[in-house]
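Inspection log for the structure reproduced underneath, given as structure tokens.
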Amino acid sequence: MAREPKQDRSRATRERLLEATIDALAELGWGATTVGTVAQRAGVSRGAAQHHFPTREDLFTAALEMMFDARIEEAKQEATELPTGPGRTEAVVTRLVESYTGTLFKAALQVWTAAASDPELRARVLPLEERFGRVAHRNAVEQLGCDDTDPVAHRLVQATLDLARGLGLADVLTDDSRRRSEVVRQWAAQLEASLALPTGA
């Protein structure tokens, strides 16, 4: 049986470490997610982990970048599954909100919270967050089919993203799904009226 090329093994180890970091952050939180914990979850030695990511900040920044890239890819896939007739606006808002209630968001939230009081980490995180924000806004505009050159439309799309994040935060401590569904339904109706989208567009 041919051995796996060294470069491929190295890439696979890196991916396992990043996936283990995301899961640990979401499950254990910032304080308990150490390089040692991540290495154990990934099934590699601490030395191997530090070979790929010399510092904890390197590991978490790379994990955050992986989270953002994964979310962007998910959004692209979701766009192909959205209804084209009645219910599209609500489906778009629902998908946006759901993106802030999963493992990726809970893991990212741990990094954001730590970055608020850590200038070095914040300097690493902000460019990633800004890039993700731009892509998320562009995807929402495309999915809603609105004119982003219109200042009102631009602000409403951003408000939708802010609303989605807020609802995600509300879901961190308790299951807020029932209230969330009602808020999504009402906001989707408001969007259709304010953006002059066809009803159920």
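Read-outs throughout are calculated quantities, based only on the coordinates presented, and are distinct from any laboratory measurement. Here the structure is a predicted model, which is why all the values come from computation and not from measurement. Cβ coordinates were reconstructed from backbone atoms using ideal geometry, including for glycine residues, and neighbour counts include every protein chain displayed.
Provide, for q = 0.08, 0.14 Å⁻¹, the log10 of I(q)/I(0) from a solvent-free Debye sum over equal Cα point scatterers in the chain. Normalising to I(0) and taking log10 leaves -0.33, -0.86. Using Cβ point charges alone (K and R +1, D and E -1), the dipole size of segment 56-194 about the Cα centre works out to roughly 220 debye.
Using the Cβ of Leu18 as centre and a radius below 12 Å, the other residues enclosed give a net charge of -2, where K and R count +1 and D and E count -1.
What is the gain in length, in nm to one decimal, between Glu130 and Asp58 on full extension, counting 0.36 nm per residue of separation less the C-alpha to C-alpha distance? Walk me through the numbers before you get to the answer.
Details: separation 72, 0.36 × 72 = 25.92 nm, distance 1.85 nm.
Taking Glu130 through Asp58 to full extension adds about 24.1 nm, to one decimal.
Computed over the chain, relative contact order equals 25 percent, with contacts defined as Cα pairs under 8 Å that lie 6+ residues apart. Across segment 76-88, coupling constants 3J(HN,Hα) worked out from phi with the 6.51/-1.76/1.60 Karplus curve, θ = phi - 60°, read 5, 5, 4, 4, 7, 9, 6, x, 9, x, x, x, 5 Hz, and Gly and Pro carry x.
If you average the C-alpha positions of segment 1-64 and of segment 143-196 separately, how far apart do those two centres end up, in angstrom? Cα centroid to Cα centroid, the span is 35 Å.
Residues whose amide H lies under 5 Å from that of Ser99, counting only those 5 or more places away or on a different chain, are absent; hydrogens are built 1.01 Å from N in the peptide plane. Projecting label points 7 angstrom from Cα along Cα→Cβ for Gln186 and Asp69 puts them 4.0 nm apart. Across segment 157-168, computed HN-Hα scalar couplings (Karplus, 6.51 cos²θ - 1.76 cosθ + 1.60, θ = phi - 60°) run 5, 5, 4, 5, 5, 5, 4, 4, 5, x, 5, x Hz from first to last residue, x flagging Gly and Pro.
Between Asp162 and Ser10, what's the calculated FRET efficiency when r is the beta-carbon distance and R0 is 45 Å? Round to 0.05. Could you put the intermediate results ahead of the total?
Values: r = 39 Å, r/R0 = 0.88.
Working from the Cβ atoms, E equals 0.70.
Selection among Thr89, Ala189, Leu126 by position relative to the dipole of segment 56-194 gives Ala189 as farthest towards the positive end (Cβ unit charges, Cα centre).
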